[in-house]
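To keep things clear, I will list the structure first and then write my remarks on it.
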Amino acid sequence: MKNLLSLFAFSLLPFSLLAQSKPVARKAVPAKRPAATHVATTAPAKKQAPATKLASTPPASTAPAPQPQARQEQPVAAYVAPAPQAAPSSRPAARPVAPVSTYESRFRIGFRVGGNSSTIGGIDPETFGIGVQANRVMGFHGGVLFNFGGPSFSVQPEILYTQYGIKMTAGSDYLQLKYSIIEVPVLLKASFGQPNLRFFINAGPVATYTLGGTLSALEGGQSGSQKIDMTNEGRLSYGASGGAGVAIQAGPGAVQLEARYSYLFSTNDNGTNLHPQNAMLSVGYLIPLGGR
């Protein structure tokens, strides 16, 4: 029996040595929760990560560490730099230059032709006989004209050949005086309207030189004519002229339709003051020069 107990005790010896080498597990004592007043005076404890976040993190041995995501840069082509704004300048902006039209040339040249209806004031018909009446004489005119200036205001000198006269009638008999004259008016011209259709008025002084004259008569069925001797006659006269008309664009220039009236002052060999008067209706053409 004593040997049996010794054998049993010897068999339990390894277990007792194993029990002595194992550390005794200590029971965790829950820490007391500090009072509210103590929390206010102490530093806050480090916040622990939630258990769910730790649970979702894979073990270090099985999952690679997450790499930081590279920053996505914006393509250069997609970026458009704003246009720089020009600094305000004190210098005024340049005014656009309007294209120069050939019709608006500063110099124009042309011609005009037409008919006249003239008379001579200062002559008493009664000096030719009782019942004698003064009538107008039909004639013509023509010449060249020049125009200097802009499309609205210009100066227009002209050189014209024209006819002045007067006709004394008594029944079927008559006595007619007709003079050939070089007339040089210098007119101030104002135009207005559209480029293709412009109206104008003009007025200015006029000087004339009498080239010669013709005296024609019809009496008792007999007719005859003779030239007037201008030796002692005053050839120079002066006066004023003015008119109005319309200019119609046609090709490079413009057609001029004009009505004009001239009033002259003259003196004959007897010292009589005469007033030749002439009404003109003409057509002309004015073309610009020196344009584009």
Gly251 is checked against (1) over 47 Å from the mean Cα position of the chain (by Cα); (2) on the phi > 0 side of the Ramachandran plot and fails just one. What number does that condition carry? (1)
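Looking for whichever is at negative phi and crowded, with 17+ Cβ neighbours inside 10 Å here; the options are Pro205, Pro185. Which one fits?
Values: Pro205 fails: crowded, with 17+ Cβ neighbours inside 10 Å.
Result of the check over Pro205, Pro185: Pro185.
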When the stretch 157-197 is examined, which residues are found to be basic (Lys, Arg) and at pLDDT 95 or above? Lys189
If I go through the stretch 139-178 residue by residue, how many of them are closer than 30 Å to Ser191 by Cα and of a type outside the set (Phe, Trp, Tyr)? 20
Keeping to the stretch 175-228, report how many residues are without any contact (Cβ under 8 Å) to a residue 40 or more places away in the chain and charged (D, E, K, R). 1
Just a yes or no: is a residue in the stretch 164-174 touching a residue at least 60 places away in the same chain (Cβ under 8 Å), assigned to a strand (DSSP E or B) and farther than 19 Å from Phe128 by Cβ? no
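Assigned to a loop (DSSP other than H, G, I, E, B), closer than 29 Å to Ile287 by Cβ and modelled with pLDDT under 95 - does that describe any residue in the stretch 107-130? If you could, list the steps in order and put the result at the bottom.
Quick first cut of the stretch 107-130, residues assigned to a loop (DSSP other than H, G, I, E, B) only: 122-124, 129-130.
Going one step further and asking which of them are closer than 29 Å to Ile287 by Cβ, we end up with none.
Checked the stretch 107-130: no residue is assigned to a loop (DSSP other than H, G, I, E, B), closer than 29 Å to Ile287 by Cβ and modelled with pLDDT under 95.
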Which one is nearest to the chain's Cα centre (by Cα) among residues in the stretch 213-227 that are assigned to a strand (DSSP E or B) and exposed (fewer than 14 other Cβ atoms within 10 Å of the Cβ)? Lys227
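For the stretch 232-250, give me the residue count where each residue is touching a Phe, Trp or Tyr at 6+ places or on another chain (Cβ under 9 Å) and assigned to a loop (DSSP other than H, G, I, E, B).
Here is the first cut: in the stretch 232-250, the ones touching a Phe, Trp or Tyr at 6+ places or on another chain (Cβ under 9 Å) are 235-247, 249-250.
The next check asks that each one be assigned to a loop (DSSP other than H, G, I, E, B); those that pass are 235.
Adding up the residues that qualify gives 1.
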Out of all the residues in the stretch 146-156, is one or more within 18 Å of Tyr261 (Cα to Cα), modelled with pLDDT of 90 or more and of a type in the set (Phe, Trp, Tyr)? no
Exclusive hit being surrounded by 14 or more Cβ atoms within 10 Å (Cβ to Cβ), modelled with pLDDT of 95 or more and over 27 Å from Val137 (Cβ atoms), set Ala279, Ala247, Ala240: Ala247
Residue pairs, Cβ under 6 Å, 6 or more apart or interchain, first in the stretch 248-261 and more than 9 Å from Leu281 (Cβ to Cβ), second among the hydroxyl-bearing types (Ser, Thr, Tyr) and surrounded by 15 or more Cβ atoms within 10 Å (Cβ to Cβ). List them. Gly253/Tyr285; Val255/Tyr285
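The values are calculated or read from the model by the stated rules, or taken from the named source; none is laboratory data. Remember, predicted model here, so these are calculated numbers, not experimental data. Cβ sites come from the backbone with ideal geometry, for glycine too, and all protein chains shown count toward neighbours.
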